[in-house]
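To keep things clear, I will list the structure first and then write my remarks on it.
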Amino acid sequence: MYFDFEKPIQELDEQLEKAKETHDKGKIDMMDMINSLVKKIDETKKEIYGNLSGWQRVQISRHQDRPYALDYINAMAPDFIEIHGDRNVKDDKAMIGGFGSIDGQAFMFIGQQKGRNTKERQYRNFGMPNPEGYRKALRLMKLAEKFNRPIVTLIDTPGASPGLEAEERGQGEAIAKNLMEMAVLKVPIICIVIGEGASGGALGIGVGDKVLMMENTWYSVISPESCSSILWRTWDYKEKAADALKLTANDMLKNGLIDGIISEPLGGAHTDIEKAVSSVKKEIKKQYKLLKDKTVDDLINERIEKFSNMGVVNEDVAEH
Amino acid sequence: MSWFKRVSEGITTKTKEKKATPDGLWDKCPRCKTITPHKELIESKFVCPTCDYHYKIGSKEYFEVLFDDNKFKELDANLTSGDPLGFVDTKSYKSRIDESIKKSGLKDACRTAVGKSNGRKIVIACMDFGFIGGSMGSVVGEKISRAIDYARENRHPMIIISKSGGARMMEAAFSLMQMAKTSAKLALLDKEKIPYISVLTDPTTGGITASFAMLGDFNIAEPEALIGFAGPRVIKETIGKDLPKGFQSSEFLLEHGFVDLIVHRINLKEKISKLLSMVWDD
């Protein structure tokens, strides 16, 4: 599957395919042609992926072959044991979690989970958790705190689920509670946006000591489509909205709203899942090393301090 | 031939009388259309004496309702919005802010103050819906955070009156992070065991519900307010059905266990005072 902006790559790929075919038939030596095409594809990719717009990143973040939370967790921590349920209403399939270890260090992994085909997508509610999902996440975080284990959250959601039952069971309260509790949790928390970071639904597992975004993800208060529909009263301005919202990893880092970016394989995480997993794993180890020796007080104070400093206001002292 | 006669209610005020009514002296109830003299409305705490409709009021009026003799000291009154993203949609964010300041006479969508209520010192943060839909950007988040800090440092109970559509889109992720910031500050207040009362008024939705509005030791709602996370229109579009009557109302939230009590505005000051006297020794 190619995106519109990948058209030049698609054309070159097709040329390469033809050249290889001709070469394999053995009649004409196409090696020079093939080599120059491979080189050209690489250059074109570097140029295209080096200059992606906000909307193009949003598209990559939603690519159907992109690794999801469980893909990362199972690959990084093969001993992962999934834990279910919020001990109250049910087990939310859009929010997964459990213990697993990376090179001998146990972590509590929590993440929103999407599905890959129609059936799976419905089963996972498109990665949109209900209140019980946020409450399950909090239960697991408390468990990690009890046993003094660090937490890794993997954020990938188009938003918290909007619906009758979600409202009846207090979607707002569930997210709010997580924000408050995560601020003062006594263990290190590393949050990574691996796909979509839509609004409160993302932030509900996103208050951490280190908040990172993968290169081709987005994080904002609203999706570009909804932003367009509210401000322009039509979905047609989604590209403009994506630019205006400054939702890319680069913009978020520049604005001091995240702590770092994890680079992806050229073309996006889905083009080389193994490589993407290994980058995420390396980053978790690196960040955990920075956090593990901090005292609980320092950890919490610095976490709250970080979020307290977010925001831009004009303070006219002269008027006072 | 009844359609030749005006049977249903219509314009009943004579043009002559209309002209003679100076602005601001009378208020017309948006629900039952009863006209009440403004002075009388202040006495009834901005609730329609005929149908109990709670007028949509702002910080000026809520301070009047809650602070003794309307005496208070405003906190951080000089904060105004920056434009961190240079946001432009159909018009620029900057011009929206300038217009709103001019139109509303406010600097942003929230005012914070400290003063006495029934003789007890309390800190109130009150949102103003009249300023870009009461939306929360950096200024609202910062003012509420500082007010909570003030309450913690001086050991005063904290009241937040919510009236907002949610986070402010034009500050995008900056707005989103105000949810984390204000909730973190409330966690610190909670640790000091200082009471926090959240007053949810019409409307309280989106990022406000998903942060400080739902985190009160006591969540008090005004009658018949719209309170929810997702907006009714979004839910309706998602499920493709009409919403049940009373969905996301104060009464609905009380029924489902997310607000502790519904309080008529005329009793608000007294009820807050009584609640605090149960849990707080000055």
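With +1 on each Lys and Arg Cβ and -1 on each Asp and Glu Cβ, how big is the dipole of the range B:56-279 about its Cα centre, in debye rounded to the nearest 20? With only Lys, Arg, Asp and Glu charged at Cβ, the dipole is about 320 debye.
Per q in 0.12 1/Å, what log10 I(q)/I(0) does a Debye calculation on the alpha-carbon atoms of the range A:223-296 return? Each listed q maps to, in turn, -0.54. The share of accessible area on chain B that comes from carbon and sulfur is 52 percent, using a 1.4 angstrom probe.
Residue separation times 0.36 nm, minus the C-alpha to C-alpha distance between A:Asn148 and A:Lys27: what's the value? Length difference between fully extended and current span is 36.9 nm. Computed log10 I(q)/I(0) for chain B at 0.09, 0.10 Å⁻¹: -0.46, -0.57, from the Debye equation with unit scatterers placed on every C-alpha and solvent omitted. Per residue of peptide B:182-191, the mean number of Cβ atoms on other chains within 10 Å of the residue Cβ is 6.
Ranked by the mean number of other Cβ atoms within 10 Å per residue, highest first, peptides B:145-154, A:81-90 order as B:145-154, A:81-90. At R0 = 60 Å, how high is the FRET efficiency between A:Glu274 and B:Thr80 if r is their beta carbon distance? Nearest 0.05 is fine. After rounding, the FRET efficiency stands at 0.75. Note on A:Val296 and B:Ile266: their simple-model spin labels are 5.0 nm apart, each label 7 Å out from Cα toward Cβ.
Shielding value for B:230-239 is 4, the average number of Cβ atoms from other chains within 10 Å of each residue's Cβ.
Straightening the chain between B:Thr34 and B:Asn118 buys 27.1 nm, computed as 0.36 nm per residue apart minus the Cα-Cα spacing. As a calculated quantity, the FRET efficiency between A:Lys186 and A:Lys20 at R0 = 51 Å, using C-beta atoms, amounts to about 0.35. Remark: mean inter-chain Cβ contacts per residue of A:198-209 equal 4, using a 10 Å Cβ-Cβ cutoff to other protein chain atoms.
Diffusion coefficient of the range A:120-262 by Stokes-Einstein, Kirkwood radius over Cα pairs, 4 °C, 1.567 mPa s: 82 µm²/s. Between chain B and chain A, the total buried accessible area stands at approximately 4600 Å², from heavy atoms with a 1.4 Å probe. Bridges between two residues of the protein assembly as shown, per DSSP, are antiparallel at a rate of about 45%. Each peptide in B:69-77, B:197-205 receives the mean, over its residues, of other Cβ atoms within 10 Å, and ordering these scores from highest gives B:197-205, B:69-77.
Classification of the range B:143-282 by its C-alpha gyration tensor yields an oblate form. The axis ratio a/c (a ≥ b ≥ c) is 1.5 or more, and b/c is at least a/b.
The modelled label-to-label distance between B:Lys241 and B:Thr50, using points 7 Å beyond Cα along the C-beta direction, is 3.7 nm. Structure remark: mean-square fluctuation, Gaussian network model of chain B, C-alpha springs under 10 Å; the largest value among B:Ile159, B:Ile239, B:Ile35 belongs to B:Ile239.
In units of the compact-protein estimate 2.2 N^0.38 Å, chain A shows a Cα radius of gyration of 1.10. Summing Cβ point charges (Lys, Arg +1; Asp, Glu -1) relative to the Cα centre of the protein assembly as shown gives a dipole of roughly 1240 debye.
Binning all Cα-Cα separations of the range B:137-185 at 5 Å, short to long from zero, yields these whole-percent fractions: 5, 22, 29, 24, 12, 7, 2. Legend note: in chain B, cysteines whose Cβ sits 4.7 Å or more from every other cysteine Cβ are B:Cys110, B:Cys126. Note on the range A:4-51: Cα Rg divided by 2.2 N^0.38 Å, N the number of residues, gives 1.25.
Treat the protein assembly as shown as a sphere of radius equal to its Kirkwood radius over Cα pairs and apply Stokes-Einstein at 10 °C in a medium of 1.306 mPa s; give the translational diffusion coefficient in µm²/s, rounded to a whole number. In µm²/s, the coefficient is 61.
The values are calculated or read from the model by the stated rules, or taken from the named source; none is laboratory data. Remember, it's a predicted structure, so these values are computed and weren't measured experimentally. Reconstructed Cβ throughout: ideal geometry from the backbone, glycine too, with neighbour counts over all protein chains shown. What goes into the accessible areas is simple: the full protein's heavy atoms, side chains included, and nothing from ligands, DNA or RNA. Shrake-Rupley method; radii C 1.70, N 1.55, O 1.52, S 1.80 Å.
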